[in-house]
Structure formats: structure tokens, C-alpha cells
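Note sheet for the following structure.
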DNA sequence: CCATTTCTGGAGTTGACACTCCAAAAGTCC
DNA sequence: GGACTTTTGGAGTGTCAACTCCAGAAATGG
């Protein structure tokens with residue numbers, strides 16, 4: 001783990017490579033993206049890729065990290081305040097719209113990488129798992145807030161509900177990609193949100 | 001679509017190729033499986049693969065069809081009687097145990113293919129979508145039976161619940177694969193089953 | 001049992017892709 | 001402004017994978 005110094009320019013080039021690789025791998029998968037594709041898209045020369053990354057595997061790990069940040073950043077305003085049914089529904093609407101914006105292509109930027117790499121590169125698998133954990137943690141925080149505030153009964157299990165929600169979301173993104181249609185995503189998230197709502201205290 | 005005659009022996013060889021390819025692609029993905037790997041695993045020669053399949057793409061389509069049958073067959077006794085909460089729970093337990101039997105590897109035999117191919121081969125995407133539809137239809141039938149019988153209130157929407165259940169399952173399989181742990185699958189299915197249970201009529 | 005079709009073995013071709021190498025240009029820092 | 005490091009260009013290399021070809025062996029069917 002020798003840290004190598006990067007100049008500002010170097011950092012910029014590195015970023016451009018990761019960004020280009022992320023986009024291509026999102027569209028065509030890791031195996032479907034050659035280093036030469038990345039080279040062309042990033043507008044760099046062959047040697048630059050190998051100057052910043054020891055091999056393609058390492059680049060892929062950087063892509064996973066980059067996509068994790070991107071996913072969390074994109075949802076940020078919503079994700080940090082998922083502490084009411086209305087907020088959950090707004091988040092759901094946001095995700096559905098986002099997928100439609102992509103023409104229902106690509107699936108989950110993290111999940112697709114996970115599916116492709118999990119059984120093939122253990123370090124990549126763990127990196128994706130870490131990304132999921134961060135995502136899950138955000139959802140969890142909102143549900144805990146709801147329970148603490150009394151919007152959910154004490155017997156609600158925020159951790160398990162958060163995990164189930166993330167899971168439903170992942171399934172929804174996969175089915176959206178395969179069917180080119182967001183109904184599955186909608187149905188899954190709606191069901192989960194209704195289920196969370198069923199833990200509201202009697203009034 | 002010229003149908004070519006196959007002798008019994010020819011059919012057997014073809015089947016062996018598809019079976020070997022299915023297993024390898026389940027473990028390492030489509031891109032991670034070379035035709036030569038398949039050749040070796042099936043114990044055939046190069047020309048045999050290209051005698052039965054015009055190219056790798058076509059073989060992959062056969063693999064998708066094969067895995068769809070396999071998935072439905074494996075779950076068959078349970079799948080055709082998913083018409084009570086107990087049956088749903090037994091099915092859930094079966095799926096969880098199945099994943100554990102695989103060491104939480106591989107994910108969904110159909111879903112993994114879908115994720116890898118959806119944006120890259122439209123025919124493959126549609127084939128996977130068809131597989132999902134058949135799966136969904138089975139789940140749907142059970143829920144309809146429950147509603148018709150009065151185990152679910154008339155306002156329950158079996159179609160939407162079935163879709164949400166399949167979606168939760170898919171997400172659960174993906175997370176199982178990435179985290180090497182079935183908790184997500186359990187949480188997602190349990191939540192969905194509880195949600196279905198919430199449509200039970202008052203008594 | 002012969003003509004025809006299907007099946008099989010394996011060597012060969014072609015292209016793509018991950019990665020190397022080296023020399024020069026640009027940037028950094030005292 | 002000079003010694004050093006970082007960055008860049010691009011030609012080159014070796015491997016591997018998809019697919020072709022052809023000739024011979026087995027099966028089929030009248």
C-alpha cells in the first residue's frame with residue numbers, strides 16, 4: 001500500500017479514467033469494457049492507465065468505490081431524511097424517475113458490479129458489500145428516528161426493515177433492467193413502505 | 001429457424017454441452033466462461049459445440065432456457081401450492097437452505113444472467129424476462145387462490161403482491177451472493193410474507 | 001448393405017485484449 | 001535554474017478466446 005504522490009494534474013487524469021471506466025462499465029459491464037475503450041473515452045494514452053492502476057482489477061476496485069460515492073451522493077438530500085412515510089414515498093418516486101431517466105437500463109451501478117464480480121474477485125465482492133452497508137445504514141437511521149419519535153411501534157425492527165427495503169430496492173432495479181419497465185420496482189418499494197407503515201402505532 | 005434433425009446421441013451431446021455451460025456460467029458468469037472451458041467440461045471437441053450452436057451467443061440463449069426450467073423444476077412441488085402463509089414460509093425456508101447449500105454463491109441462475117446480459121443482448125434480455133414471467137405466474141396463482149378462498153381480503157392485489165415477492169426474492173439472492181450471508185434474503189421474504197399476511201380478513 | 005446424413009476430432013486462423021517498455025515532456029521544489 | 005519526480009505518447013508483445021475447416025467415424029433409412 002505505498003502511497004504515491006499525485007500532482008493536481010495527475011489527480012485529474014486519474015479521476016477522468018475512473019469516471020470514464022465507471023460509465024462504460026455501467027453500460028456494458030466490466031468484461032464488456034476493454035482498457036482500450038477506457039483509454040479512448042478518457043482521452044488518455046495506454047501508459048497513463050497503467051501509471052495510475054497496476055492492472056484492470058485495481059481499476060475496477062476504484063470504479064466500485066466511485067460508484068458507491070455516486071449512488072449515495074445522488075440520493076443524498078432524500079437519503080439523510082428518510083424518517084417518515086412521506087419521505088420514503090418521495091424517495092421511491094425519485095428512484096423510479098431516475099430509472100426511467102436511464103431508459104430502465106444499467107440497473108444498480110453497484111449491484112451490477114456485485115453480480116458480475118462477487119464469485120470471481122473476493123476483494124471486489126467485499127467492496128460492493130461495503131457499499132451496500134453504507135446504503136443500508138442511511139435507511140436504517142431514518143427508521144430508527146421514526147421509532148424513537150414514536151411513529152413506529154416499539155416492536156418494529158428498524159434494522160431488519162432497512163435491510164429488507166434495500167433488498168427490495170435491489171431486486172426492483174434488477175427487474176427494471178431486465179424488463180425495461182419500472183413496475184416491479186414500484187411494487188416492491190410500495191409493498192415495503194406499506195409494510196413499514198403497518199408498524200405505525202394505533203391512534 | 002430451420003429445424004435440424006438430431007439423433008438420440010446428438011441430442012445427448014447437445015444436452016451435455018448446455019448442462020456444462022450452464023454450470024460454468026453459473027459459477028463464473030458468461031464472460032468468464034470460454035467455449036474451451038465448456039468443451040472440456042462437457043467432454044466434447046471444439047467442432048461439436050459449433051455443430052450444435054452457431055455461436056456462443058446462441059449457446060447462451062440455450063443456457064437461459066435451461067436455467068429457467070431448472071429453477072422452476074427445483075421449486076416445483078412448493079411453487080405450485082403457494083396458497084397459504086405456511087406454504088409461503090416453507091418456500092422461503094427452502095430457498096434460504098438452497099442458497100446456504102451453495103455457500104451463498106452464484107446468486108439466482110436466471111438473475112445473474114439477466115444482470116450480465118440485459119443491456120448487451122436484447123434477445124437474451126427478453127429470454128430472461130420470460131423466465132421471470134413464468135416464475136411470477138406461479139406465485140400469482142397461489143395468491144389468487146388465497147383471495148378466492150377468502151384467506152385474503154378482496155382489496156388485496158395478488159398480481160402486485162406476486163410481483164413484489166419475486167422482486168424481493170431477486171434482491172435477496174443478489175445480496176446473499178454479495179454478502180455471503182442469507183439474512184437479507186430472509187428479511188426481504190419475511191417482510192413480504194408478513195405484508196401478504198396483513199391482508200388476511202378480520203375474524 | 002449402400003447412400004446419405006449426422007456426428008466427432010483436432011489442427012489452424014484471426015483478432016482482440018491486457019499489459020510492457022522506453023523515451024520525452026511537464027511539473028515540482030529548493 | 002537545475003535536479004528530481006511525475007506525467008504522457010505510442011509502438012510493441014504474448015496470450016487467449018471465438019470461430020473455421022476438413023476429413024473420418026457413426027448412425028439412419030430404404
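Coordinate-derived values only; no laboratory data. Please read all numbers here as calculations on a predicted model, not as lab measurements. Cβ sites come from the backbone with ideal geometry, for glycine too, and all protein chains shown count toward neighbours.
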Diagonalise the Cα gyration tensor of the protein assembly as shown and give the resulting equivalent ellipsoid semi-axes, square root of 5 times each eigenvalue, largest first, whole Å.
36, 32, 16
Measure nothing fancy, just the Cα-based angle from helix A:85-101's long axis to the longest principal axis of chain A, in degrees from 0 to 90, nearest 10.
40
Rounded to two decimals, what is the ratio between the C-alpha radius of gyration of chain A and 2.2 N^0.38 Å?
1.15
Roughly how many Å is it from the Cα centre of the stretch A:35-111 to that of the stretch A:167-203, as a whole number?
21
Using only C-alpha positions, report the orientation-averaged shadow area of the convex hull of the stretch B:1-53, nm², one decimal.
3.8
Which value, in nm² and rounded to one decimal, describes the direction-averaged projected area of the C-alpha convex hull of the stretch B:114-169?
4.1
Per-copy distances of the residue B:90 label point, shortest first, in nm (7 angstrom along Cα→Cβ):
4.6
Taking only the alpha carbons of the stretch B:101-203, what extent do you get along each of the three principal axes, in Å, biggest first?
49, 31, 20
Ordering of A:150-160, B:25-35 by packing [mean C-beta count within 10 Å, highest first]
B:25-35, A:150-160
Average beta carbon contacts from partner chains per residue of B:176-189, 10 Å cutoff:
6
When the Debye formula is applied to the Cα atoms of the stretch B:1-101, each taken as the same point scatterer, what base-10 log of I(q)/I(0) results at q = 0.25 Å⁻¹?
-1.30
At 7 angstrom along the Cα-to-beta-carbon line, where would the label on residue A:137 sit relative to the other copies? Give the distances in nm, shortest first.
4.5
Calculated label separations, residue A:32, copies of the chain, 7 Å along the beta-carbon direction, nm
1.8
Expected 222 nm ellipticity per residue - DSSP helices of 4 or more, -39500 (n - 2.57), all of chain A, to 500
-24500 deg cm²/dmol
Rounded to a whole number, the mean other protein chain Cβ count within 10 angstrom for residues of A:190-203 is 3
Output needed: percent of Cα pairs per 5 Å distance bin for the stretch A:63-135, bins running from 0 to the one holding the longest distance.
3, 15, 23, 22, 19, 12, 5, 1, 0
Take every residue in peptide A:118-127, count the Cβ atoms of other chains within 10 Å of its Cβ, and give the average of those counts.
4
